[in-house]
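All remarks here apply to the structure that follows.
Here, each number is a calculation from the coordinates, and none is a lab measurement. Predicted model, so just to flag it, every value in this text is computed and none were measured. FYI the Cβ positions are ideal-geometry reconstructions off the backbone, even for glycines, and counts take in every protein chain you see.
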Amino acid sequence: MKNTLYKTDLGQYILGDSQKLIESGSLDQYKNKVQLILFSPPFPLNAKKKYGNKLGKEYKKWLADLAPLFTKLLKKDGSIVVELGNAWEPKRPVQALLSLESLIAFLNNPKADLRLCQEFICYNPSRLPSPAQWVTINRIRTIDSYTHVWWMAKSDFPKADNRKVLRPYSKSMIQLLKRKSYNSGKRPSQHSISEKGFLTDNKGSIMHNVLELEQMDEQREIRLPQNMFSFANTNSNDFFSIQCRENNIPIHPARMPTSLATFFIEFLTDPGDIVFDPFAGTN
């Protein structure tokens, strides 16, 4: 492909507008072959960013129109994962519904036939206080420190395996497995805990749908999945940042955290599957 900037054994980086490339047929070779479409589009911010972001109804229509284009590339058991930030009304301390409306418009596009599999929360305590006017000046709102990550698919049962993203057991669970006993029986919640239900060693505990970019409690033991080396997005000395500085390339201000992408790739794909990021936020 003439738009290919570089290519390796693991994939290629294509320069261009993904919407125009798909509409032109340039990516037809990937029709019904992509296992995961993972992306973080420009958020619907009130202030224009250098990397470009649409506003208001224009943003909502733009995102909704992408749905049938992306599903055209997706396999029957494939998934779409999109990270969307919150939006605020201009000059008002009021949260806007634009992000949610845009997500619903994308999801409900009749030409796409998508359904919502699960919502994830991506919490980042290192985010700068925003919206600054209402958080740090007027002091009438709290810091907006999370984004939504929405997992969608063309079927109710897309390829997924949470055993590939297990968290290490807590110290107390490791002790329980060694002890081979615990307090079973009825709980105030009316749940009945069996005598042996927690004695099976499943090699780790099931991941939650709240993803921490940094530790919420510094005193708590870190229990990221074994393949997650870091969920932080503030490291200025990672390989990407170093290479950008050495080559005098401006660092993109809104990269997707590498480990956020890693989590969903491990969870929703197998080695050899095709993953497509239409906005190159993971590159």
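Laid out as a table, the results:
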| quantity | calculated |
| --- | --- |
| Pair-distance profile P(r), taking every C-alpha pair of segment 1-119, with 10 angstrom steps and integer % | 12, 40, 34, 13, 2 |
| Nearest-0.05 FRET efficiency for ILE137 and GLU89, computed from C-beta distance (R0 22 Å) | 0.85 |
| Rough spin-label spacing in nm, given labels placed 7 Å along Cα→Cβ, for ASP17 and TYR30 | 1.8 |
| Choice from PHE43, PHE106, PHE157 with maximal GNM fluctuation in the chain (Cα, 10 Å cutoff) | PHE157 |
| Set of lysines with alpha-carbon distance to LYS171 below 25 Å, sequence-local pairs under 8 removed | LYS180, LYS186, LYS196, LYS203 |
| Estimated dipole of the chain in Debye, rounded to 20 [Cβ of Lys and Arg +1, of Asp and Glu -1, Cα centre] | 420 |
| For the chain, built as a Gaussian network whose Cα springs stay under 10 Å, the top-fluctuating residue of ILE121, ILE242, ILE143 | ILE242 |
| Theoretical FRET efficiency, 1/(1+(r/R0)^6), r = Cβ-Cβ of ASP270 and ARG115, R0 25 Å, to 0.05 | 0.70 |
| Loop chymotrypsin sites (Phe, Trp or Tyr not before Pro), segment 107-202, which have at most 12 other Cβ atoms in a 10 Å radius of their Cβ (DSSP) | none |
| Straight-distance crosslink candidates among lysines, where the alpha carbon sits under 22 Å from LYS60 and sequence neighbours closer than 8 are dropped | LYS20, LYS48, LYS49, LYS50, LYS72, LYS91, LYS111, LYS154 |
| Kirkwood-based shape ratio for the chain, expressed as Rg/Rh from alpha carbons | 1.00 |
| Calculated [θ] (222 nm, deg cm²/dmol) that DSSP helices of n ≥ 4 give over the chain, each run adding -39,500 (n - 2.57) | -6500 deg cm²/dmol |
| Per-pair calculated FRET efficiency, R0 = 35 Å: LEU97 and ALA280 via Cβ, rounded to 0.05 | 0.80 |
